[in-house]
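Undergrad: The following block contains the structure, expressed as structure tokens.
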Amino acid sequence: FHPFSSGRADGDLRVDFLDVGQGDSALVTMPDGTTLLVDSGGRPSFPVTSDSARRIGETVVSEYLWWRGLSEIDYVVATHADADHIEGFNDVLRNFSVKAALVGPQTLLETRTHVETIHAGDVMRFGEVDVSVLWPPAEGGGSDNDNSIVLRIKFGERTILLTGDIEKAAERALALSQQNLKADVVKVPHHGSKTSSTDNFVLATKPTFAIISVGRNSMFGHPHKEVVQRWQSNGATVFTTGDYGTITVTTDGKDLNLETFIEYDRLP
């Protein structure tokens, strides 16, 4: 039972970076209403006892989708196989109708949902929005983290970059690829780990907003202080889901707006 019906398409591109603790999940809503759920949160890589961590796909992701009035998701994207990115799909795929799951060349997702593999060079078009796959290459990108799908979402004059957990090797390859990495908003790679956010990658993307999906008290020490400072020194305002809750970015292709569940004092 869904007490709210999903709102009509309003012509804006919307990305909600969900507060899933130590994990990643972002709901992309296209101007025409098409939805992409990029990752779904889940457990970190070692055992924990918290039920909310085990069932983040039910208690956070599904609850948010229901709150939005959704009974179906057009596409889910598993950026890579780490549990804190894909475990929540167990609940999401049970609770919602999904047209297709999109995965990288080296990612296996056990589901009855139709699965399609995407890789660098692929472009998906949703009305006026282009979603370009920048990484990984068809043969894979190296380590599990460096196999993460990287998506560039472009609508009018605005661009949002979703980076999964890529680390130094993938960042270096992307920076050398001559692809346009400049973005207004970047989902910071690997929760702000010091294994990512290299100088050249930060300089190449140079966003207005850098969003870090991370728990408020990360057991891994994320985000690393030097990483936050690196993004800030390149002109980005940094927001973490642990501090601000769900972070919502909207744009009509020209104006760009950012709202947080927990209020911040002001934007510079």
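Undergrad: What's log10 of I(q)/I(0) for the chain at q = 0.13, 0.16 Å⁻¹, Debye sum over Cα points only, no solvent?
TA: Each listed q corresponds, in turn, to -0.78, -1.27.
Undergrad: Can I ask one more? Using a 1.4 Å probe, how large is the accessible area of E226, given in Å² and rounded to the nearest 10?
TA: Surface accessible to solvent at E226 totals approximately 110 Å².
Undergrad: Next up: Just the accessible area for T250, please: 1.4 Å probe, Å², rounded to the nearest 10?
TA: That residue has around 40 Å² of solvent-accessible surface.
Undergrad: Could you work out Rg/(2.2 N^0.38 Å) for the range 124-164, with Rg from alpha carbons only?
TA: On the way: Rg = 11.6 Å, N = 41, 2.2 N^0.38 = 9.0 Å.
That works out to 1.29 for the range 124-164.
Undergrad: Then there is this: Hey, got a sec? Which trypsin sites (Lys or Arg not before Pro) in the range 116-191 land in a DSSP loop and have at most 16 other Cβ atoms within 10 Å?
TA: Working: sites: R125, R152, K154, R158, K168, R172, K182, K187; in loops: K182.
Here the sparse-neighbourhood loop sites are K182.
Undergrad: Sort E110, E58, E72 from largest to smallest accessible area, using a 1.4 Å probe on the heavy atoms of the protein chains.
TA: Details: E110 175, E58 45, E72 95 Å².
Sorted descending by solvent-accessible area, the residues read E110, E72, E58.
Undergrad: Which whole-Hz couplings ³J(HN,Hα) result when phi for each residue of the range 247-263 is put into the Karplus expression 6.51 cos²θ - 1.76 cosθ + 1.60, θ = phi - 60°, listed in order with x for Gly and Pro?
TA: Per residue, the Karplus-derived 3J(HN,Hα) values read 10, 10, 10, 10, 8, 9, x, 10, 6, 10, 10, 10, 10, 10, 5, 9, 5 Hz.
Undergrad: Another question, if that's okay. Could you work out the Rg to Rh ratio of the range 108-253, with Rh taken as the Kirkwood radius (inverse of the mean 1/r over all Cα pairs)? The partial results should precede the final answer.
TA: Details: Rg = 15.1 Å, Rh = 15.7 Å.
Taking Rg over the Kirkwood Rh, I get 0.96.
Undergrad: In square nanometres and to one decimal, what's the mean projected area of the convex hull around the Cα atoms of the range 69-135? Intermediate values should be presented prior to the final figure.
TA: Details: hull surface 20.7 nm².
The orientation-averaged projected area of the Cα hull of the range 69-135 comes to 5.2 nm².
Undergrad: I want to check a number: in the chain, how many lysine pairs have alpha carbons closer than 22 Å, given a sequence separation of 8 or more or different chains?
TA: 19
The values are calculated or read from the model by the stated rules, or taken from the named source; none is laboratory data. Keep in mind that what you see is a predicted model, and the values were worked out from it rather than measured. For neighbour counting, all protein chains shown are included, and Cβ atoms are generated from backbone atoms with ideal geometry for every residue, glycine included. In case anyone asks, the SASA skips ligands and DNA or RNA and just uses the protein heavy atoms, side chains included. Shrake-Rupley method; radii C 1.70, N 1.55, O 1.52, S 1.80 Å.
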